[in-house]
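The values are calculated or read from the model by the stated rules, or taken from the named source; none is laboratory data. Here the structure is a predicted model, which is why all the values come from computation and not from measurement. Every residue, glycine as well, gets a Cβ built from its backbone with ideal geometry; the counts of neighbours run over all protein chains shown. Quick note on the areas: whole protein, heavy atoms, side chains included, nothing else; ligands and nucleic acids left out. Shrake-Rupley method; radii C 1.70, N 1.55, O 1.52, S 1.80 Å.
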Amino acid sequence: MWLDAHPDLGGISPDRPRAFCGTVARAILGDGADGLSAASPLPPERLVLAGTRSVDDDEQEVIDERGIRMLPVADLTGTALADAVQATGATSVYVHIDLDVLDPGVLAGIGDPQPFGVGLAELLAELRALVARVPLAGAGIAMFSPESADAAEADLPAILRLLSALTAA
């Protein structure tokens with residue numbers, strides 16, 4: 001489950017330099033920089049992108065060509081994550097949360113804020129429903145970029161609530 005405003009499916013090319021963080025999901029699918037691609041790639045039908053709303057043309061090509069499932073923000077209202085993961089046939093789930101999946105009004109310390117993200121209450125409900133139905137194999141939270149220690153402290157309650165939802169099962 002890839003919760004991110006961006007699909008992170010960018011290709012590695014000298015014509016279009018990218019930070020590795022913009023190519024991670026593609027590397028998980030086995031198509032990444034030498035030494036940074038998955039040795040046992042994830043089949044594209046097992047990858048679910050959710051809350052993704054800032055997609056480059058080359059990333060959209062990968063989504064279309066490989067049939068990667070996308071759940072728009074508007075669909076994240078209860079059990080969409082759990083339903084999507086169960087539809088893949090997975091028996092466990094790894095959850096990647098890039099904090100820019102959230103609406104910028106939720107957290108101040110987002111590395112690359114994108115408008116019209118999911119609300120915190122909606123994401124918490126989705127995560128709780130997901131881990132109640134599918135065992136959690138692991139999780140990561142990325143792109144926390146507070147301007148100061150005080151700003152980090154202000155965002156901490158929301159991040160702790162995300163961790164709590166992930167470990168609720």
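Before moving on, here are some points about what is shown:
- The sole residue among Ile68, Ile110 that is surrounded by 18 or more Cβ atoms within 10 Å (Cβ to Cβ), under 17 Å from Ala50 (Cβ atoms), without any contact (Cβ under 8 Å) to a residue 40 or more places away in the chain and out of contact with any Lys or Arg (no Cβ under 8 Å at 6 or more places or on another chain) is Ile110.
- The residue pairs whose first member lies in the range 121-140 and is among the polar types (S, T, N, Q), whose second member is open to solvent by 10 Å² or more (accessible area, probe 1.4 Å), and whose beta carbons are closer than 8 Å, counting only pairs six or more residues apart or on different chains, do not exist in this structure.
- Meets criteria (open to solvent by 30 Å² or more (accessible area, probe 1.4 Å), at pLDDT below 95 and within 14 Å of Gly10 (Cα to Cα)) for Asp56: yes
- In this structure, Phe116 does not satisfy being over 17 Å from Met1 (Cα atoms) and surrounded by 15 or more Cβ atoms within 10 Å (Cβ to Cβ).
- The set of residues from the range 70-98 being within 25 Å of Arg16 (Cβ to Cβ) and in contact with an Asp or Glu (Cβ under 9 Å, 6 or more places away or on another chain) comprises His96, Asp98.
- Looking across the range 149-163, just one residue is open to solvent by less than 80 Å² (accessible area, probe 1.4 Å) and of a type in the set (Asp, Glu), and that is Asp155.
- Restricting the search to helices (runs of 4 or more DSSP H) fully inside the range 1-102 and requiring at least 3 residues that are closer than 21 Å to Ile141 by Cβ gives 24-28, 80-88.
- Of all residues in the range 52-78, those satisfying the criterion of being under 13 Å from the mean Cα position of the chain (by Cα) and either polar (S, T, N, Q) or at positive phi (or both) are Thr52, Ser54.
- Ile97 crowded, with 21+ Cβ neighbours inside 10 Å, in contact (Cβ under 8 Å) with a residue 40 or more places away in the chain, touching a strand residue (DSSP E or B) at 6+ places or on another chain (Cβ under 7 Å) and within 17 Å of Ala158 (Cα to Cα): yes
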